[in-house]
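Here, each number is a calculation from the coordinates, and none is a lab measurement. The shown structure was predicted, so the numbers you read here are calculated from the model rather than taken from an experiment. Cβ coordinates were reconstructed from backbone atoms using ideal geometry, including for glycine residues, and neighbour counts include every protein chain displayed.
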Ligand code: ADP
């Protein structure tokens, strides 16, 4: 197990420190036109039961046939997770009864999964680098869906999802905080999207997470865990973990014992509640599926897929850090989405300063995109417009303050930033004569503050603010500063 236990992650309590231990199981829907063992379509949102083959409906005598594309997708994902690819793996039957599972068993992989151990690296905001081990990735079928809200008396079953391929990605219990768990899901989703092996859409359920949480005293052996099922939002994953860890700590501090159980997170009240305890857990009676041969492929097949992998987030991150000297966390945020990374590269390619470009995207641009609740690609400020704003700022044509306003103007009017600067007279005043006039006005109108600033030079900022206000933010702050110091007889810093 890796050591991700920096002391800043500990929970302090009157009885001493506690540490969270978290491991995630993530079922990710494989991007593939057809299901794992049938030719039926997989598109989301189709009419109920319109994408169901005789295999998916478990008609007697129907035989499953493995979809080679799903196998290739699992291998690609394994490669993206730096994981061991098993050239031979076996499909097992996981037996249980449920109305949305017409076969009476799910075809899954148990002792011999297609992908073995790997890892995912996270760069956290505080500069910490965290490695989360991957235990395994196996292929399995999804079940159908029971619909309880269509009729007051009857439940219905939609088998469109039945047989859709899932990759179950199981992490080791290496995660030590809610923030790390959130970063892990974000990173995993980003890797899958770059690879094109899962669309990562959590709202549609293409990516979910079962979150295992336990607590222990630092250095102690693993505690008993509870599993929070079916989380489909990164924000809720964070809330659920915080709640669950504190619930367990309260029980232990009162001398109680944690009972291993499956819990659900109620998003309305922000609490987890018990769904079933271990005593009620299924015995799945796994055994190899007699209808399917073991999956076997050659190292050449794996190498062929490896050779065609796109540049992945970590490779891009390292390139951004070495080529442009970006901080790891900034680079991590930029590469999290491919569109975002491409946008950054386009701005830099147009000659803008990389560090300033990263700041602009991560603060102003993403801030506005999130505030408006739109997709990144739908933002009306193009990479070219941002490059122009950054260049005008660098060249001293506009002030930093005006640059921020200009960005919003471009967003609202859709106009070209250079044209807006001309039209609205936003050019920075570097003409010292013009600035001097305003500086003189401000000084003579405020004799009291003049006395103050002589005693306390730190208050010079107030004068700078006044001058900037009177010039509509267009005065060059450096020139304002120099002139004020001269006239007020304050030494340079
Ligand atoms: P099982 O075989 O009983 O399903 P696994 O060992 O495969 O359990 O673990 C399932 C998931 O639970 C994994 O993601 C693992 O990291 C996590 N896990 C295991 N033990 C703990 C623990 N004590 N605390 C938190 N998570 C755990």
Problem set entry | 0 to 90° range, to nearest 10: angle between helix 383-394 axis and the chain longest Cα axis | 30 degrees
Exercise. So how do 111, 186, 131 line up by other beta-carbon neighbours within 10 Å, fewest first?
Worked result: 111, 131, 186
Exercise. Using Cα pairs under 8 angstrom and six or more residues apart, how large is the relative contact order of the chain, in percent?
Worked result: 13 percent
Exercise. Listed highest first by mean packing, meaning other Cβ atoms within 10 Å per residue, what order do 380-388, 251-259 come in?
Worked result: 380-388, 251-259
Exercise. At q = 0.15, 0.22, 0.25, 0.28 Å⁻¹, what base-10 log of I(q)/I(0) does the Debye formula yield for segment 51-123 when every alpha carbon is treated as an equal point scatterer in vacuo?
Worked result: -0.67, -1.04, -1.15, -1.26
Exercise. For segment 134-226, max minus min Cα coordinate along each principal axis, in Å, sorted largest first?
Worked result: 53, 35, 22
For this session: As a check on your grasp of the helix formula, calculate [θ] at 222 nm for the chain: sum -39500 (n - 2.57) over DSSP H runs of n ≥ 4, divide by the residue count, round to the nearest 500.
Result: -11500 deg cm²/dmol
Exercise. Where a ≥ b ≥ c are the square roots of the eigenvalues of the C-alpha gyration tensor, would you call segment 325-414 rounded, which needs a/c under 1.5, or, failing that, prolate if a/b is larger than b/c, or oblate?
Worked result: oblate
For this session: Compute the length gained on full extension between residue 154 and residue 285: take 0.36 nm times their separation in residues and subtract their Cα-Cα distance, giving the result in nm to one decimal.
Result: 44.1 nm
For this session: May I ask for the angle, rounded to the nearest 10°, between helix 68-80 and the longest principal axis of the chain, with both axes built from Cα atoms and the value confined to 0 to 90°?
Result: 50 degrees
For this session: For residue 131 paired with residue 298, estimate the spin-label separation in nm (one decimal), with each label point 7 Å from Cα along the Cα-to-Cβ line.
Result: 3.3 nm
Problem set entry | Ranked list, fewest to most other Cβ atoms within 10 Å of each Cβ, for 282, 148 | 148, 282
Problem set entry | Quotient of Cα Rg and 2.2 N^0.38 Å for segment 446-493, N being how many residues it contains | 1.07
Seminar exercise, completed: Final fewest-first order of 365, 246 on the 10 Å Cβ neighbour count is 246, 365
For this session: May I ask for the distance between the Cα centers of segment 356-377 and segment 38-94, given as a whole number of Å?
Result: 37 Å
Exercise. How big is D for the chain, in µm² s⁻¹ as a whole number, if Stokes-Einstein is applied with the Kirkwood radius of its Cα pairs at 20 °C and 1.002 mPa s?
Worked result: 80 µm²/s
Seminar exercise, completed: For segment 237-276, Rg(Cα) over 2.2 N^0.38 Å is 1.15
Exercise. Over segment 49-132, what is the relative contact order in whole percent, taking alpha-carbon pairs under 8 Å and six or more residues apart?
Worked result: 26 percent
Seminar exercise, completed: Placing one equal point scatterer on each C-alpha of segment 313-465 and summing with Debye, one gets log10 I(q)/I(0) at q = 0.17 Å⁻¹ equal to -0.96
Seminar exercise, completed: The alpha-carbon center of segment 110-158 and that of segment 171-217 are separated, in whole Å, by 8 Å
For this session: Could you please tell me the mean projected area of the C-alpha convex hull for segment 266-308, averaged over all directions and given in square nanometres to one decimal?
Result: 7.8 nm²
Problem set entry | Mean-position separation - Cα centroids, segment 419-493 and segment 285-301, in angstrom | 76 Å
Exercise. If you average 1/r over every pair of different alpha-carbon atoms in segment 387-493 and take one over that average, what Kirkwood value in Å do you get?
Worked result: 14.7 Å
Exercise. Please state the Cα pair-distance histogram of segment 171-215 with 5 angstrom bins from zero: what percent is in each bin?
Worked result: 5, 20, 29, 23, 15, 7, 1, 0
For this session: Please find the FRET efficiency linking residue 250 to residue 487, where r is the Cβ-Cβ separation and R0 is fixed at 41 Å, and quote it to the nearest 0.05.
Result: 0.05
Problem set entry | Rounded tilt (10° steps) of 460-470 against the dominant C-alpha axis of the chain | 90 degrees
For this session: Sort segment 223-362 into rounded, prolate or oblate with this rule: let a ≥ b ≥ c be the square roots of the eigenvalues of the Cα gyration tensor; rounded if a/c is under 1.5, and if a/c is not under 1.5, prolate when a/b is larger than b/c, oblate otherwise.
Result: oblate
For this session: May I ask you to derive the FRET efficiency for residue 145 and residue 375 from their Cβ-Cβ distance with R0 = 35 Å, giving the value to the nearest 0.05?
Result: 0.85
For this session: Determine, for each peptide in 294-300, 39-45, 160-166, the mean count of other beta carbons within 10 angstrom over its residues, then list the peptides with the highest first.
Result: 160-166, 39-45, 294-300
Problem set entry | Rounded to whole Å, sorted largest first: equivalent-ellipsoid semi-axes of segment 407-465, Cα gyration tensor | 34, 14, 8
Exercise. If r is the Cβ-Cβ distance from residue 13 to residue 203 and R0 is 35 Å, what FRET efficiency results, to the nearest 0.05?
Worked result: 0.45
Seminar exercise, completed: Scattering profile of segment 1-139 from the Debye formula, Cα beads only, expressed as log10 I(q)/I(0) at q = 0.15, 0.18, 0.22 Å⁻¹, is -0.89, -1.10, -1.41
